[in-house]
Amino acid sequence: MPGTDSPAATLDSDAPASVDSGVELRGVAKHYGDTVAVTDLDLVVEPGEFFSMLGPSGSGKTTVLRMIAGFEDVTRGQILLDGQDVTSAAPFDRTVNTVFQDYALFPHMTIAENVAYGLRVRKTPKSEISHRVAEALEQVKLAHVADRLPHQLSGGQRQRIALARALILRPRVLLLDEPLGALDKQLREQMQIELKQIQREVGITFIFVTHDQEEALTLSDRIAVFNEGRVEQVGTPREVYEYPGTAFVASFLGLSNLIPAPLARELCGATAALSVRPERVRVTAPDDLPRENETSVRGTISETVYTGPTTRYIVETEFGLQLIAERHNDHAPDDTSAFHRGDPVRAVWFTEHAAIVP
Ligand code: ADP
């Protein structure tokens, strides 16, 4: 049986999906007894945006999503949908709908009946239901499975049906809680592309919860990075990746070389700690002197890791700090210019490619 994602629990809006619908959180906090799940949260999600909340497990993402949906009261603060204060509104009085990772469909109903369920509960006229089921199935590109039973679909198809079941109610904001979490890596990557296409076509606001940094970077217009109930940084994927605002963001979003302030000062005169992405670091022969706009440090290769598209070199520097350098394997497969464990080297990067981490 479908769980908490009962489609009946949301407002059926007949307004066109393209109507503006932003979400704003003002000073929102949530406490469970002594546990502070979320604190001092100010967030603006623009209409039509694909907005991700990214963070480790327990950082407060799901709690925020549930407060926007109205499944959870706020301890403090305000939630606005389309500029209207909905802080005290019941879930079905909010123009939002939620898709969960656990997308259980009614096993004995056809796909079309599953998708129609929310409208049937609301006593929508039959002729309109069939038209809207067709439209929702079209949106997720699964019109051809309308008469099948859920067990006759693949995991990815079932997840798209869960999406259709939410979209048929025409929410203005779709909340997605780790919807791809149950899928294996390959299917997950394929679904990411499809999800993005669907969002662009339906044109509504998506708020997406994930702990997978690659997924957030792939899908989002903007990302809020959560840590311990707070947002550490909000920005486009490029901004949060290339210019991490905190050491936590730098290390949570992919691999990063964090150079502590004293060493950063010694290497290039920086006044704060630096973050340099491994793909920005080049490994050269030790006597290859850096140019004026480059920073470099000498060391020894302590490990090489072949990942297929790239090779990672772990460089043990003369200052005791380990640096990771990543090189694209775009050379001939029998290329011999690669470095090996024990080789003395120099790790080099363009000084401007190191981001200051306050
Ligand atoms: P995330 O989605 O980032 O994994 P959650 O929002 O689920 O994080 O949880 C944030 C914090 O709130 C965690 O410490 C979690 O244990 C706590 N929490 C979440 N829901 C409840 C609840 N119903 N009762 C008590 N504590 C909760």
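Below, the figures for the structure above:
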read-out: Backbone HN-Hα couplings from phi across the stretch 226-232 [Karplus 6.51/-1.76/1.60, Hz, Gly and Pro as x]; value: 9, 8, 6, x, 10, 8, 8
read-out: Extension reserve of the Thr300-Ala338 stretch, reckoned as 0.36 nm per residue once the Cα distance is removed; value: 12.3 nm
read-out: Size of charge dipole - the chain - debye, nearest 20, with Cβ of Lys, Arg +1 and Asp, Glu -1, no other charges; value: 860 debye
read-out: Solvent-accessible ranking of Asp34, Asp42, Asp288, largest area first, probe 1.4 Å; value: Asp34, Asp42, Asp288
read-out: Most to least packed among 64-76, 304-316 [average Cβ atoms within 10 Å]; value: 64-76, 304-316
read-out: Dipole magnitude of the stretch 274-357 about its Cα centre (Cβ charges: Lys, Arg +1; Asp, Glu -1), debye to nearest 20; value: 200 debye
read-out: Cβ-defined net charge surrounding Gly83, 10 Å radius [Lys, Arg +1; Asp, Glu -1]; value: -4
read-out: Computed E for Gln78/Tyr32 - FRET, C-beta separation, R0 22 angstrom, nearest 0.05; value: 0.65
read-out: Heavy-atom accessible area per residue - the chain, 1.4 Å, Å²; value: 47 Å²
read-out: Heavy-atom accessible surface of the chain: percent carbon and sulfur, 1.4 Å; value: 50 percent
read-out: Calculated [θ] (222 nm, deg cm²/dmol) that DSSP helices of n ≥ 4 give over the chain, each run adding -39,500 (n - 2.57); value: -7500 deg cm²/dmol
read-out: Binned Cα-Cα distance frequencies in the stretch 274-357 - 10 Å width, integer %; value: 18, 52, 27, 2
read-out: Cα-projected label distance for Glu292 with Gln152, points at 7 Å along beta-carbon direction, nm; value: 7.2 nm
read-out: Cα gyration tensor, the stretch 30-86 - rounded (a/c under 1.5), prolate or oblate; value: oblate
read-out: Whether the chain is rounded, prolate or oblate, judged on the alpha carbon gyration tensor where a/c under 1.5 counts as rounded; value: prolate
read-out: For peptides 51-59, 260-268, sequence by mean Cβ density within 10 Å, most packed first; value: 51-59, 260-268
read-out: Simple spin-label estimate for Arg265 and Phe92 in nanometres, 7 Å along Cα-Cβ; value: 6.4 nm
read-out: Per-pair calculated FRET efficiency, R0 = 45 Å: Asp42 and Met109 via Cβ, rounded to 0.05; value: 0.60
read-out: Burial order of peptide ranges 83-95, 219-231 (average beta-carbon count within 10 Å, highest first); value: 219-231, 83-95
read-out: Estimated inter-spin distance, Ser127 and Lys196, nm [label 7 Å along Cα→Cβ]; value: 4.2 nm
read-out: Potential lengthening between Glu352 and Arg312 on full extension [0.36 nm per residue; Cα-Cα distance subtracted]; value: 12.2 nm
read-out: Counted charge near Gly22, where neighbours are those whose Cβ lies closer than 13 Å (Asp, Glu -1; Lys, Arg +1); value: -3
read-out: Residue-count net charge about Ala164 - beta-carbon cut-off 11 Å; Lys, Arg +1, Asp, Glu -1; value: +3
read-out: Mean-position separation - Cα centroids, the stretch 61-79 and the stretch 283-358, in angstrom; value: 45 Å
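The values are calculated or read from the model by the stated rules, or taken from the named source; none is laboratory data. Note that the coordinates shown come from a computational prediction; the quantities given were computed from them, not determined experimentally. No Cβ is skipped: glycine too gets one built from the backbone with ideal geometry, and neighbour counts run over all protein chains shown. What goes into the accessible areas is simple: the full protein's heavy atoms, side chains included, and nothing from ligands, DNA or RNA. Shrake-Rupley method; radii C 1.70, N 1.55, O 1.52, S 1.80 Å.
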